[in-house]
Amino acid sequence: MKTALITGITGQDGSYLAEYLLSLGYAVYGFVRPSSFDPNEKLEDFLGKTPVKLVYGDLRDLTSIERALREIKPDEIYNLAAQSHVGVSFKAPETTWEINYHGVGRLVHAIMHEAPNARLYQASTSEMFGSSPPPQSETTPFHPVSPYAEAKMRAHLDFIVGYRERENRWNASGILFNHESPRRGKTFVTRKITIALSKIKLGVQDILELGNLDAKRDWGFAGDYVKAMHKILQQPVPKDYVIGTGEYHSVRDFVNAAAKTLDMSITWEGTGANEIGIDTKTGKVIVRVNREFFRPTETSDLLADPTRAHNELDWKPEVNFGQLVEMMSQSDFQKIQKTL
Ligand code: NAP
Ligand code: F7E
C-alpha cells in the first residue's frame, strides 16, 4: 500500500484527489491548517466519513511540515495548498507569496531532509502563461500578470524545475487550466454564476453582478484533473504537463449555458461596463457588470494545448463543458431549493 500526503485536502481538488487515491488503495494523509473549526467537518461535507488521517500544519510553518513528513514518510506528496484566488492576490500579495512561493520552498527543503525518496506533485497553473497568446503548451513562455501567477511561476521555476535539474529531486508539476465542480469555492466565477442563477430562478435573488464578461477560460471538471495528477507521479521521469480540455469559452458563454440548464434564457444589451443581461421571459435585468469585480491586470484568454498529456499520460477529460455546467447548476439549484 502506498502512502500519500495531500496539502490543501480541504479544498476542491484535495477532496477529489483524496477520494480517488482511497479508491486506488492508498493510505491518505491530509495536511490541514489549525483553525477554530474541526477540519474533519469541512472534509466530511465533501466526502462523508472516510479513512483519511489528518495532521495539523501550515505551509508558513517549516517545523510543522518537517514533523508531518517525519511521522508519515509518504511515498507521494501532492502540494495543492495555496492562496488560490487570483483576485484576492492583488489585495493580499504578501500572504499569497508567503504561501504560494515560500511555502513551496519550505516543503521542498523539508522533503530533502525528511522524505528524500518521496515524489512531489506541485499544483502549477495556466495563470503563469498570463498574457502569452493562446493556445498554451509546456513550451509557451510565462508572462504572469498577477501576484498569484508570479508567485506560482517563481515557485515552479525555482523549487520544482530548479531542484529537479540541480539536485535531482523527483519534482513534477501539472500546469492546470481552470477546473471546476460542485465543490468549487463560491467566489470563483463559475460557482458564483451557478449559485446566483439558481437563486434568481427560485426568486430569492434579483441580480448577478460580474466583472469581465469577455475573459475566456478552458474550463474542465476537477474530478478528471486529479486523475492526471496521479498519472504524473507514476511516470518514469518527472516532468511538467499542461492539463486542460483544449476548448475555451467566455464568462458570458458560461452564464448563457448555466441559464439554459435552468430553463432560462438571457438577452444581452449594451457593451463594456454598461452591458446587461435581461431575462427573456420576465424582461427583468438579471446580470450587470460591476467594476469592483474587474482585476487591475487580467489574463484574458487561456486555452490548453494538452498534447503531451494525451500522448505521454494517456489522459483525456471525460466531462465536457456542457456536462460540467449542467452538473454545477443542477447541484446548486437542488441545494438551494432544499433550504427554502
Ligand atoms: P482551493 O479550493 O482554494 O483549496 C486551497 C487549499 O489550500 C485549502 O485546503 C486551504 O485550506 C489550503 N491552504 C491555504 N493556505 C494554506 C496554508 N498556509 N497552509 C496549508 N494549507 C493551506 O484550491 P483548489 O481549486 O482546490 O486548487 C488546488 C491547487 O491547485 C491550488 O494550489 C491552486 O492554486 C492550484 N490550481 C487550481 C486551479 C483550479 O482551476 N482550481 C487551476 C490551476 C492551479 P483551508 O481549508 O484551511 O482554507
Ligand atoms: O475567474 C472573470 C475573471 O476567479 C475566471 C483559480 O483556480 O483558475 C482560477 O483562477 C475569470 C477571470 O478564476 C468575475 O476576471 C468575471 O477572467 O473563476 P476565477 P481564475 O482567476 O481564472 C486558475 C487556473 C488558477 O490557478 C486559480 O487558482 O472570470 N470574472 N467576473 C470573474 N471572476 C470572479 N472570481 N468573480 C467575478 O465576479
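The values are calculated or read from the model by the stated rules, or taken from the named source; none is laboratory data. Everything numeric here is computed off the predicted structure, so don't read it as measured data. Neighbour counts are summed over all protein chains in view; Cβ atoms, including those assigned to glycine, are modelled from backbone coordinates with ideal geometry. Note: accessible area is taken over every heavy atom of the protein model, side chains too, but ligands, DNA and RNA are not part of it. Shrake-Rupley method; radii C 1.70, N 1.55, O 1.52, S 1.80 Å.
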query: If you go through the range 206-234 one residue at a time, how many are under 15 Å from F293 (Cβ atoms), among the β-branched types (V, I, T) and within 19 Å of the chain's Cα centre (by Cα)?
result: 0
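Residues checked against (1) open to solvent by 10 Å² or more (accessible area, probe 1.4 Å); (2) farther than 30 Å from W170 by Cα; (3) touching a Phe, Trp or Tyr at 6+ places or on another chain (Cβ under 6 Å):
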{"position": "K227", "(1), (2), (3)": "yes, no, no"}
{"position": "Q234", "(1), (2), (3)": "yes, no, no"}
{"position": "Y241", "(1), (2), (3)": "no, no, no"}
{"position": "G246", "(1), (2), (3)": "yes, no, no"}
{"position": "F254", "(1), (2), (3)": "no, yes, no"}
{"position": "A259", "(1), (2), (3)": "no, yes, no"}
{"position": "I266", "(1), (2), (3)": "yes, yes, no"}
message: For the range 76-83, check the following and say yes or no: at least one residue is touching a Lys or Arg at 6+ places or on another chain (Cβ under 7 Å) and either within 16 Å of ligand 2 (Cβ to nearest atom) or charged (D, E, K, R) (or both).
response: yes
task: Can you tell me which residue within the range 19-48, out of those that are within 18 Å of A82 (Cα to Cα) and either of a type in the set (D, E, K, R) or more than 11 Å from ligand 1 (Cβ to nearest atom) (or both), is surrounded by the fewest Cβ atoms within 10 Å (Cβ to Cβ)?
output: K42
- request: Could you tell me whether the range 181-190 includes any residue that is crowded, with 23+ Cβ neighbours inside 10 Å, away from ligand 2 (no atom under 13 Å from the Cβ), closer than 27 Å to S23 by Cβ and modelled with pLDDT of 95 or more?
  value: no
statement: Within the range 167-205, the residues that are over 26 Å from R288 (Cα atoms) and touching an Asp or Glu at 6+ places or on another chain (Cβ under 7 Å) are A172, S173, I175, F177
- prompt: Does the range 49-62 include one or more residues that are within 16 Å of ligand 2 (Cβ to nearest atom), assigned to a loop (DSSP other than H, G, I, E, B) and buried (at least 24 other Cβ atoms within 10 Å of the Cβ)?
  reply: yes
message: List the residue pairs whose Cβ atoms are under 8 Å apart, where the first residue sits in the range 283-300 and is closer than 20 Å to H85 by Cα and open to solvent by 80 Å² or more (accessible area, probe 1.4 Å), the second is more than 16 Å from ligand 1 (Cβ to nearest atom) and outside any loop (DSSP other than H, G, I, E, B), and the two are 6 or more positions apart or on different chains.
response: R291/A273; E292/E209; F293/E209; F293/L210
Criterion violated by I72 - all others in (1) closer than 20 Å to V108 by Cβ; (2) in contact with a helix residue (DSSP H, G or I) (Cβ under 8 Å, 6 or more places away or on another chain) satisfied: (2)
message: Looking at the range 308-340 only, could you name the residues that are of a type in the set (D, E, K, R) and at negative phi?
response: R308, E312, K316, E318, E326, D332, K335, K338
field: Candidates S137, S131, S124, filtered to the one that is of a type in the set (S, T, Y), in contact with a Ser or Thr (Cβ under 8 Å, 6 or more places away or on another chain), at pLDDT 95 or above and buried (at least 22 other Cβ atoms within 10 Å of the Cβ)
entry: S124
message: I'd like to check something: does the range 318-326 contain any residue that is under 27 Å from S89 (Cβ atoms) and not aromatic (F, W, Y)?
response: yes
Filtered residues of the range 22-44 (kept if of a type outside the set (A, V, I, L, M), within 19 Å of the chain's Cα centre (by Cα) and part of a helix (DSSP H, G or I)): K42
